Each structure stands twice: as C-alpha cells, then as structure tokens.
Amino acid sequence: MTATERALAAVRGQAVDHVSSANGLVMTTVEMMKAVGATYPEAHHNPQMMADMAAAPYEMCGVDGTTLPFDISLEAEVLGAELDWRKIDRPPIKVHSVKDPDDFTIPENIEELGRIPVVLKALDILKDKYGEDLALLPTTVCPFTIAGHMASVDEMFMWILSDPDKVHTLVDKITDFVVDYQKLLTAHGADILFAIDPTSSGDLLSGDMYAEFVLPSIKRMRKETGAPTILHICGNTKPMLEHIAVSGVEGFSFDKAVPVWYAKQKLGNVSAYGNLDVIELFPNGTPQDVYNATAEVIRQGVNIAGSACDVPETTPIENIQAFVKACVETPVPSKEEVVEYGKQLAAQAAAEQK
C-alpha cells in the first residue's frame with residue numbers, strides 16, 4: 001500500500017498492511033528544521049519552506065503522513081483577529097475582534113486572504129513532489145474553537161450561560177467559512193482533513209453542552225465538505241465520545257486522558273487515532289520506550305498511531321524513528337483481539353478503582 005492508501009484505509013476502518021503513522025499533529029523538531037533550513041516566522045509565510053518543513057518527518061524518519069500549517073490561529077487571523085507575532089512559532093490571539101455576533105461577517109474570496117494562499121501553495125508543492133507516498137492531513141480549526149478565538153473564550157462561555165443564541169449565531173457563520181476553507185484544502189491535495197477543536201474539551205464543556213453548541217457544526221462541516229475527516233479534541237473527552245460516534249467524522253484523535261481501549265468501546269464505527277504521550281514519552285523517553293508505547297496503543301486498537309498533541313520540538317529524531325518502526329513491525333490485531341484485550345483492560349481498571 002502507498003502511504004495515502006494506508007492512511008485512507010485506516011481512517012475508514014479498513015484492512016491495512018500495517019498501522020499507519022500518518023500524523024495529523026505537528027511532528028517537526030528543531031533538528032528537522034535545521035536540516036531543511038526552516039525558521040520561524042518565515043515557515044508560516046513561505047510556501048516552499050512550509051512544504052519542506054512539513055516533509056521533514058517523512059524524509060528523516062519515514063512518517064507516512066504530515067500536516068500543515070504549524071499554528072492554530074490562521075483562520076482567526078483571516079477573519080479579523082490580531083495575532084501576537086512576538087511568539088514566532090505559535091502566535092496567539094492578541095485582539096479578539098468580535099463584540100456582537102450579529103455584526104460579524106465572513107469575508108469573500110478567502111483563497112486570497114491572509115496565509116491561506118501560502119497553505120494552498122505548500123499543499124500543491126507536497127502533492128506534486130510526493131504524490132501517494134506522503135499522506136497530507138492539513139490542520140483545520142473547528143468552528144467552536146475559532147468562535148472562542150474571535151470573541152474570547154471567556155466571553156463565549158458567558159454567552160452560553162446568558163445568551164446562547166449569540167454562540168449559535170457566531171458558530172453558524174464561522175461554519176460557513178470553515179466549509180469553504182476545507183473545500184479549498186481538498187482541492188489542493190489534502191487526503192484527510194485533521195480538524196482540531198481544543199476549546200470543546202470535556203475540561204470546559206459537559207456532554208450536553210457539546211451536543212448543543214458544537215456537534216451541529218461538526219456534522220454540517222463533515223457533510224458539506226465531503227472529505228475524510230479526523231476530529232481532534234484535547235483533554236478529557238469521555239463526555240463527548242457518544243456524540244462523536246454520530247458526528248459523521250471518520251476518525252477521532254484524543255490524548256492520554258482517555259485510554260485507547262475505552263475510546264474503542266464508545267466510538268462505534270469511528271476510527272481511533274493517537275494517543276501517545278507528548279509530555280514525557282516523546283521528548284524524554286528512550287527509543288525503546290516510544291516503540292513499546294506505540295506497540296501498546298496498536299494492540300488496544302488504534303487505526304492510526306499518532307501523538308496526543310503536537311510533538312515537542314526538542315524530541316530526539318531517534319524517538320520518532322522508533323515510533324515509525326513500531327507502526328511497521330507491530331502486527332495489526334484483529335477486531336476480535338481488540339475487543340478481548342479491551343475487556344481485559346476494562347476489568348483491570350475496574351479492579352484498581354476498588
């Protein structure tokens with residue numbers, strides 16, 4: 001199988017020759033950036049440098065999928081938020097531009113705005129150079145998180161309590177923009193959309209709040225875009241799993257707060273992605289530690305093995321190579337083996353809680 005064939009089969013829950021290592025979270029280290037001559041903030045604005053930096057994990061470690069851009073503020077910037085470029089690697093929101101959702105409008109001709117042309121050109125470069133040998137999973141921020149960027153998270157949560165229609169109005173408008181942007185990404189070679197939604201974490205929302213304020217936009221986004229999608233949410237997502245199972249996305253990416261075996265029991269036909277630790281394992285573990293942890297999440301049933309969040313830039317190259325090696329060498333368990341192993345781990349977890 002080619003890398004793209006493997007990633008697409010994996011996210012659809014189909015048979016693969018080995019587990020995919022198509023990472024939709026940033027896996028570019030300082031060592032990789034030096035090797036390809038990439039620097040911040042230039043890598044955010046130069047399409048060739050963006051493409052070279054995105055390809056580095058494949059070129060140097062054999063990771064069979066990659067993502068770009070490298071921050072989560074691009075969409076908000078296009079929509080009018082001001083970024084703080086003093087933090088050149090991941091510029092945060094400096095000025096939230098939305099005061100009243102009724103007055104907020106989506107700009108036209110978004111393919112010409114902000115850094116969108118840079119991302120589209122970088123995708124063209126990667127697809128032309130690598131074809132099916134490198135799966136492209138560009139990062140796209142989900143409507144609810146963008147709404148928090150535009151109005152501020154604090155203000156949006158105040159609206160949830162006091163004037164929920166404002167949240168619905170803002171999220172609906174932003175969903176129009178996200179759908180148009182995602183269609184541009186797929187037109188320029190995206191194989192799978194990696195849709196991230198950190199503000200919809202269970203650390204901030206209840207399951208009922210997720211169902212009301214987030215889920216409709218995810219369903220609409222997936223239906224109207226028509227492209228294979230992996231949804232990523234940080235933190236504790238246990239309250240969201242039953243809703244994600246009916247959201248229409250093909251895959252779900254989650255972090256260490258949710259065990260793989262538990263997610264597999266709740267996600268139904270939605271594929272599991274993840275959920276390797278990025279706090280200690282990748283930057284501080286040995287290659288054998290990373291290999292063993294990757295093999296374990298494969299045994300628990302991940303369809304695509306990947307990091308739980310962006311890999312720290314200090315991560316040794318050898319650890320990412322060990323991750324890829326484990327994906328290639330660890331036998332793909334059958335569905336029956338995954339179910340049985342999940343039952344064993346659930347029983348162990350229940351016994352430990354007593």
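Using 0.36 nm per residue of separation minus the Cα-Cα distance, give me the extension gain between ALA349 and LYS223 in nm, one decimal.
On the way: separation 126, 0.36 × 126 = 45.36 nm, distance 3.68 nm.
Working it through step by step, the gained length comes to 41.7 nm.
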HN-Hα J in Hz across the stretch 5-11 - Karplus 6.51, -1.76, 1.60, θ = phi - 60°, x for Gly and Pro: 4, 5, 5, 5, 4, 5, 5
ASP128 accessible area, assembled protein chains, probe 1.4 Å, Å²: 130
Accessible carbon and sulfur surface of the stretch 199-354 relative to its total accessible area, %, 1.4 Å: 52
Length gained when the stretch VAL339-ILE317 is fully extended (0.36 nm per residue, less Cα-Cα span): 4.6 nm
1.4 Å probe accessible area per residue over the stretch 145-254, in Å²: 34
Gained length - VAL246 relative to HIS45, 0.36 nm times residue gap less alpha-carbon distance: 68.7 nm
Sequence of LYS127, LYS223 from largest to smallest accessible area, 1.4 Å probe: LYS223, LYS127
Amide proton proximity set for ILE196, modelled H, under 5 Å, gap of 5+: THR140, VAL141, CYS142, HIS232
Rounded accessible area of VAL258 (nearest 10 Å², 1.4 Å probe): 0
Check: the chain dipole with +1 on Lys, Arg Cβ and -1 on Asp, Glu Cβ, in debye: 660
Under 13 Å, Cβ to Cβ, from ILE298 - net charge with Lys/Arg +1 and Asp/Glu -1: 0
Cα-projected label distance for ILE106 with LEU161, points at 7 Å along beta-carbon direction, nm: 3.1
For the stretch 83-111 and the stretch 256-331, distance of Cα centres in Å: 33
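Heavy atoms only, probe 1.4 angstrom, no DNA, RNA or ligands counted: give me ILE146, ILE106 ranked by accessible area, highest first.
Values: ILE146 0, ILE106 50 Å².
Most to least solvent-accessible, the answer reads ILE106, ILE146.
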Selected from PHE104, PHE144, PHE252 as most flexible by GNM, with the chain as the system and alpha-carbon contacts under 10 Å: PHE104
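For the stretch 64-146, what is the charge dipole size about the Cα centre, in debye to the nearest 20, if Lys and Arg each add +1 at the Cβ and Asp and Glu each add -1 at the Cβ?
Details: 9 positive and 17 negative charges, 76 e Å.
With only Lys, Arg, Asp and Glu charged at Cβ, the dipole is about 360 debye.
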Simple Cβ-charge dipole of the stretch 165-277, Lys/Arg +1 and Asp/Glu -1, about Cα centre, in debye nearest 20: 200
Surface accessible to a 1.4 Å probe, GLU5 within the full protein complex, Å²: 90
Listed residues MET209, PRO198, LEU184: farthest to the positive end of the dipole of the stretch 182-228 (Cβ charges): LEU184
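For the full complex of protein chains and a 1.4 angstrom probe, list ILE72, ILE174 by accessible area with the highest value first. Kindly include the intermediate steps, with their values, before the conclusion.
Working: ILE72 65, ILE174 0 Å².
The most accessible residue leads, giving ILE72, ILE174.
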Which of MET240, VAL78, ASN269, positive extreme of dipole for the chain (C-beta unit charges): ASN269
Selected from VAL167, LEU345, TYR291, residue furthest toward positive end of dipole (the chain; charges at beta carbon): LEU345
Computed helical MRE - 222 nm, the chain, DSSP H runs ≥ 4 contributing -39500 (n - 2.57), nearest 500: -15000 deg cm²/dmol
Gaussian network model of the chain, springs between alpha carbon atoms under 10 Å - residue of ASP208, ASP52, ASP277 with greatest fluctuation: ASP208
Under the Debye formula (equal points on every Cα, no solvent term), log10 I(q)/I(0) of the chain at q = 0.10, 0.13, 0.15 Å⁻¹: -0.57, -0.99, -1.32
Low-density loop cleavage sites - chymotrypsin sites (Phe, Trp or Tyr not before Pro) in the stretch 281-346, where at most 14 other Cβ are within 10 Å (DSSP): none
Percent accessible area from carbon and sulfur atoms, the stretch 18-170, protein chains only, probe 1.4 Å: 50
Cβ-derived FRET efficiency at R0 45 Å, GLU280 paired with ALA187, nearest 0.05: 0.70
Of all DSSP beta bridges in the chain, antiparallel share, percent nearest 5: 10
In Hz, Karplus ³J(HN,Hα) per residue of the stretch 45-55 (6.51, -1.76, 1.60; θ = phi - 60°; x = Gly, Pro): 10, 9, x, 5, 5, 4, 5, 4, 5, 5, 7
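The values are calculated or read from the model by the stated rules, or taken from the named source; none is laboratory data. This is a predicted model, so every value here is computed, not measured. Ideal geometry is used to build each Cβ from the backbone, glycine not excepted, and the neighbour counts take in all protein chains shown. For accessibility, only protein heavy atoms count, side chains too; no ligands or nucleic acids. Shrake-Rupley method; radii C 1.70, N 1.55, O 1.52, S 1.80 Å.
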